[in-house]
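Written out below as structure tokens is the structure these notes cover.
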Amino acid sequence: MSVKYFLILVAAIFLFAPTGGVSAQESSPRGKATMAPVKQEASTVISDVEQPGDTTKTTQEVSTKETTNAPDRTYLLGVPQYILITLLVLMAFILIPFLPGFIELFRPKDEKPLALNMNFSKDYKYFGKSFQKILEDGLGTKHITEPGEYTLMLSKPEKVRVVERGRVSDQKTIDEILYVLADFTSGSDAEFRKEIYVRGSCKIGDRNTLRALYCEGDLVIGEGTAVIRWVDGDRDIEIKEGCRLGVSVASTKRLAVARHCSFSRMFGLPILTYKAKLPEILSEIRVKNISDTTMVISKEEIILPPRTNISNDIVTHQRIVFRGKSFAKANIKSYRDIIIEEGSRIEGNLFSERNVVIEAGCTITGNIFSQGQVKIGNAVQVGQEGKIKSVIAKKGVLVEGNVTIYGYIMTEGEGKVL
Amino acid sequence: MPRQHNESQSGIAKELVYYHRSYRKIPVPEKRHLIPFLCLIIIIEVLLYLFSPDLNYLVNRYTQKILVRSVPFENVNMIWTEFLWRSITVLNVPGSYPAMWFTMINLIVALLIVFIIPQTKTPKPITVALTLMSLIHLVSALFFLFVPDRFPYQVIDFSTTYVVMVMVTWFLIPVVYGFILYPLPSSVFSKIFMIVFTLTFSSAFNIFRYSIFLYLINVHSFIFMAILFFCFGFLLDMIFIVGFYSFYLSLLSGKLQHDMDVWQWLY
Amino acid sequence: MAVLILKIYIGFVVFVMAVYFTRHFIFSMNRIYGEQRFYYQDIFDSDLPFLSVLIPMHNEEKVASHILDALTNADYPKDRLELIPIDDHSSDGTWRILDEYAARYPFIKPLHRTTGDRGKQNALNDAIRVTAGEIILVFDADYLPPRCVLRDLAVCFNDPEVGAAMGRVVPVNTSQNLLTRILDLERSGGYQVDQQARHNLRLVAQYGGTVGGFRKKLLHACGGFDPKIITEDTELTFKLYVNGWKVAYANRVECYEEVPENWVTRSRQIRRWARGHTQVMFRYFIPVIRSKFLSAREKIDGILLLSVYAVPAILFLGIADSVALFFLGEINLLTGVLPIILTVTCNTFGNFAPFYQIGIASFLDGSRQRILLLPFLVFNFLFSLWYTTQGFLDAVFDIISTRRVIWHKTKRFRRSTT
């Protein structure tokens, strides 16, 4: 088909092209081109233009100078040699930016697809399970019943000390992985530079430093302890005051956290913060301003009056405030802050592009997700027994006392139990 | 989610866990780095403004040296003209109009490329590039076939345009690099070096490109002016910028991937 | 007069190029420096929606078992999941493979289409009628989803504003040849920077029709996918946005795909995408402007996104315009304007993600040597310019002639069925 079109076009051109050729008809010696009449205005030296520096030569002088030093001209394949060389150099210049690419193309070093972990599955007990698996695969720990010294091959060989039951005294430093067949206790100010695995229950003393710990039994972590990486437990975990909880703390049972602890991620069924004085949630709402009785919608915010009852999802670009003792069976999304005032109950999820504040005595049965900070007040419950819900905050979580969270709490900022 | 752990206080051996690619970023460069960088760019632009005519003259001198060995030397003239209130030089050679038979050959070759090459096993990107170039050349050939008297340019026009375009390119190089290099976490010195290197490369490259252009127009006629202008002009300079940028970024990436101080997570 | 029109058009081209340059530059800066907007993948939620996963297949015997193996390995609870591979008029062994899997797994329920029009939209429409799930996820047959993908995509629908979700597509066959490597770079730029920046800035993130999903009830309300529109994913994106819903982009939810391994297949693919996208542009240009649910920013970005496949056609015409002006003696205009056109054009050196955007994406991905291939994008740029323009013209002709659109699937290249 294309050949046909091509031939038709060529025929048309021969038929309809003007004859007689181009004007200014002196043929050049090479018979291929004719010299064009040089337009006067284009070739005139612009004499009133300032000549730079000492180069006051006129074009005539330039030509004259060149005339007296006329070089020989060698032709190769009908083309002047210098032009051929120039062409080769030009092509080399053009190839230069492609050269590293050509090397990568023909001797590739980075041609594999981006690595994806095809078996990755989000697991709040990821760290503990991985460690457990490493020990099991490397040492067959399920079958170990006697104390001893072992070597585990990780990125480098690691010493593993298996003990019957462990008791580490005050201010001791342990440089090897500990595998404890029964219970384990540490004194105060001890430092554990490698992981610990405890089959029984575990009590960590005050002001210890732990790299990572897995405990199959109950676990208590003493005051002021710093966890560098993670803690994982199969049973109840109790964290005392002032601990720094590293990357992750996870328990499949109860996780109790005292005040002044900082964290990134916690999982517990449930997570409980310290017992404090319960808040007073007044049963009567005193009418002081308009929002005590009326829904107020301004440019900046929506305020729903106390005891509001909502049964449809809400999406708003304004700050939204649920005044006290409100009830919503709905998902709430706001591009600004979400404030849930005391005693309210939200049976749904909260999503905020900014911050979420849950005041005292509220219940949120769904997830809380914030691109900013989340503040959870006294005696708040998030989630329900038998279910797992999450509190996710990009920039930080502040949690007061008497809080119950069924599931997961995570922040990429700083999490604090106040 | 993988995170970095700061363990220096405990004395526990640090094990680096790198940020996952999904949300990692680099810190915003401090504002106090922007001003000096901008100033350096402005200084380069001012220097270019002041010295580009001299650079241009140097390029033209070398081009002239090549040309006089290839075309009748009395035809190679250097002419002064003006650009941005500065005097610059351009080279002038006599141009030539294509003879009828030459125009026809060009036309047929262009048609061949447009219609026949796509049917061959030539890789498609090359076919497309050749086709686009051939379409431009086809227009040129048709023009010279039907209305050659109306061709509006002499070589001096083309030459002036070419030199001005090259100088505009020189002015654009620091600006383009300013945009694309500023965000990268590397030293100001290396960025300025890239700009200077590319300018030098461009200047050297132009000696050879200009020679070939003028030779083609002088010996093989104006019919090639359009394709030279559109296909071998600024596009090639852009390839250099992209090529050198990719080399720079590749080196930087290799250097910084395991440097935890460079990276942030989420915000 | 004609020259004036040509000059005005050049001005228009420069303006359009400058707008897109600005857009891409803002995206690049936002991605590398700006605050990243979290997706929802960290939410642990025991209340997962019932999920229907649709996999349209036409003669996919090379790849069918791979994706089914991957999805049966997913960590989504199987009692809340159904997989519906849609055998769409296949003439190879696809149907046999699907039936074998259905016999093994009760949650795999193939749909065999032997009547009605072929095509992805029709297949999806038919399948959605028989789905039980409230959330529909769609995967193309050549995809390889990791274990966590279903859960990570499903969880975002807790957000009441989210109508659809989209993950990141990662080429798996990168090492085949130059084309696959270039496409890998393009995908990187498109997802790692472009989509994520749009998600950060709360603009119009695009649902891509695979590694993504949507709420079933929304599709019912919209009347299903329009068989006349080839790119049903783009149409759904704008349908959702115009009606107030959003698309959540999940940069962390990555999935392998197969990219075309030869330029012929790629040319058909991109021409088809251009055609479909342009059809959507004609249909949704005014609704986007008039939508009361979109902010000004979203409208602007929506228009720019809609027009993105028109840009190569505009540029192509601009080049023709420049050639015309050249022969009309307007070279001086071109001297000033052409470098600007080409600067901003060559800032799109790489199809729709500019070279520096791709560079930044590769840098963020931790790639090194593949960045050296950026200069080769010039071939892809010209190639895409050519075929995208053809696709644009196809769409224009579709509207003028009201001809029927036939959907063609992309050829597969996988080498083994195991």
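Of note:
- Each residue of segment B:141-151 was assigned a 3J(HN,Hα) from its phi angle through the Karplus expression (A = 6.51, B = -1.76, C = 1.60, θ = phi - 60°), giving 5, 5, 4, 6, 6, 9, 9, x, 5, 8, 4 Hz with x at Gly and Pro.
- Over segment A:290-417: Rg over Rh, Cα atoms, Kirkwood Rh: 0.95
- 5 angstrom amide H check on B:Gly95, placed H, neighbours 5+ away: A:Ala36, B:Val155
- Extending 7 Å from Cα along the Cβ direction at C:Ala296 and again at C:Asn243 yields two label points whose distance is 2.8 nm.
- Packing-based ranking, highest mean first, of C:383-391, A:175-183, C:73-81, C:24-32 given that Cβ atoms within 10 Å are counted: C:383-391, C:24-32, A:175-183, C:73-81
- Scaled radius of gyration (Cα, divided by 2.2 N^0.38 Å) that the protein assembly as shown gives: 1.11
- Candidate aspartates and glutamates - alpha carbon under 20 Å from C:Lys7, same-chain residues fewer than 8 apart omitted: B:Asp157, C:Asp321, C:Glu330
- As an equivalent ellipsoid, chain B spans semi-axes of 48, 26, 13 angstrom, where each value is the square root of five times an eigenvalue of the C-alpha gyration tensor, largest first.
- Segment B:59-93: chymotrypsin sites (Phe, Trp or Tyr not before Pro) in DSSP coil with no more than 13 other Cβ atoms inside 10 Å: B:Trp85
- Counts of other chain beta carbons within 10 angstrom of each beta carbon in peptide C:255-263 average 2.
- Taking each DSSP H run with n ≥ 4 as -39500 (n - 2.57) and averaging over every residue of chain C yields -16500 deg cm²/dmol at 222 nm.
- Pairwise centroid distance, computed over Cα atoms, of segment A:362-416 with segment A:102-167, Å: 32 Å
- Over segment C:36-146, volume per residue of the alpha carbon convex hull, in Å³: 118 Å³
- Dipole magnitude of chain C about its Cα centre (Cβ charges: Lys, Arg +1; Asp, Glu -1), debye to nearest 20: 560 debye
- Along segment C:195-211 the Karplus relation, 6.51 cos²θ - 1.76 cosθ + 1.60 evaluated at θ = phi - 60°, assigns HN-Hα couplings of 5, 5, 5, 5, 5, 4, 8, 6, 9, 9, 7, 9, 7, x, x, 7, 6 Hz to successive residues, with x for each Gly and Pro.
- Values of log10 I(q)/I(0), in the order q = 0.17, 0.18, 0.23, 0.28 Å⁻¹, for segment B:98-150 under a Debye, Cα-only, solvent-free model: -0.51, -0.56, -0.77, -0.98
- Exposed GluC sites (Glu not before Pro) absent - longest run of chain B, DSSP non-H/G/I/E/B, at most 15 other C-beta within 10 Å: B:31-267
- Shown in residue order for segment C:270-284 are the 3J(HN,Hα) couplings computed by the Karplus curve 6.51 cos²θ - 1.76 cosθ + 1.60 at θ = phi - 60°: 6, 5, 5, 4, 5, 5, x, 5, 5, 4, 5, 4, 5, 7, 10 Hz (x for Gly and Pro).
- Shielding of peptide C:152-161 by partners, expressed as the average count of other chain Cβ atoms within 10 Å per residue Cβ, is 5.
- For the residue pairs B:Lys124/C:Lys299; A:Lys125/A:Lys156; A:Lys275/A:Lys299, the C-alpha atoms sit more than 32 angstrom apart in B:Lys124/C:Lys299; A:Lys275/A:Lys299.
- Convex hull volume of chain C per residue (C-alpha atoms, cubic angstrom): 147 Å³
- Annotation: peptides B:230-239, C:274-283, ranked by per-residue average of other Cβ atoms within 10 Å with the highest first, follow the order C:274-283, B:230-239.
- For segment A:126-273, the pair-distance distribution built from all alpha carbon pairs, in bins 10 Å wide starting at 0, is 13, 47, 33, 7, 0 percent.
- Average beta carbon contacts from partner chains per residue of B:119-128, 10 Å cutoff: 6
- For C:Lys228, a cut-off of 18 angstrom between C-alpha atoms picks up these aspartates and glutamates, skipping any fewer than 8 places away in its own chain: C:Asp88, C:Asp117, C:Asp126, C:Asp394, C:Asp398.
- Spacing of the two label points (7 Å from each Cα toward its C-beta) at A:Ser121 and A:Lys275, in nm: 3.9 nm
- Paramagnetic reach from A:Lys129 in segment A:387-413 [backbone N under 11 Å; point 7 Å along Cα→Cβ]: none
- Basic side chains Lys and Arg get +1 at the Cβ, acidic Asp and Glu get -1 at the Cβ, and with that the dipole of chain B about its Cα centre reaches some 540 debye.
- Positive-pole candidate from A:Tyr124, A:Leu84, C:Leu183, dipole of the protein assembly as shown, charges at beta carbon: A:Tyr124
- A:Ser188 versus A:Val10: modelled label distance in nm, points set 7 Å from Cα along the beta carbon direction: 10.0 nm
- The order of the peptides A:387-399, C:118-130 by mean Cβ neighbours within 10 Å, most packed first, is A:387-399, C:118-130.
- Cα long-axis angle, helix C:355-365 against chain C (0 to 90 degrees, to the nearest 10): 30 degrees
- Of C:Ala165, C:Ile8, C:Leu81, farthest towards positive along the dipole that unit charges on Lys, Arg, Asp, Glu beta carbons give chain C: C:Ile8
- Two-site FRET efficiency, A:Arg286 against C:Phe285, from Cβ-Cβ distance with R₀ of 35 Å, rounded to 0.05: 0.05
- Relative contact order of chain B, pairs being alpha-carbon contacts under 8 Å that are 6 or more residues apart, as %: 29 percent
- Segment A:290-417, dipole about Cα centre (Lys/Arg Cβ +1, Asp/Glu Cβ -1), debye to the nearest 20: 160 debye
- Shown for segment C:222-306 is the translational diffusion coefficient from the Stokes-Einstein equation, using the Kirkwood radius over Cα pairs, a temperature of 10 °C and a viscosity of 1.306 mPa s: 111 µm²/s.
- Straight-line cross-link partners of A:Lys333 among the aspartates and glutamates, defined as a Cα under 17 Å from its Cα and at least 8 positions apart when in the same chain: A:Glu300, A:Glu301, A:Asp313, A:Glu341, A:Glu347, A:Glu353, C:Asp159, C:Glu161.
- Whole-angstrom gap from segment B:205-267 to segment B:96-174, using each part's C-alpha centre: 21 Å
- For segment C:108-264, the Kirkwood radius over C-alpha pairs fed into Stokes-Einstein at 37 °C and 0.692 mPa s yields D = 200 µm² per second.
Every read-out reported here was derived from the displayed coordinates using simple, explicitly stated rules and does not represent laboratory data. These numbers were taken from a predicted model, which means no experiment stands behind them. Positions of Cβ are backbone-derived with ideal geometry, glycine not excepted, and every protein chain shown enters the neighbour counts.
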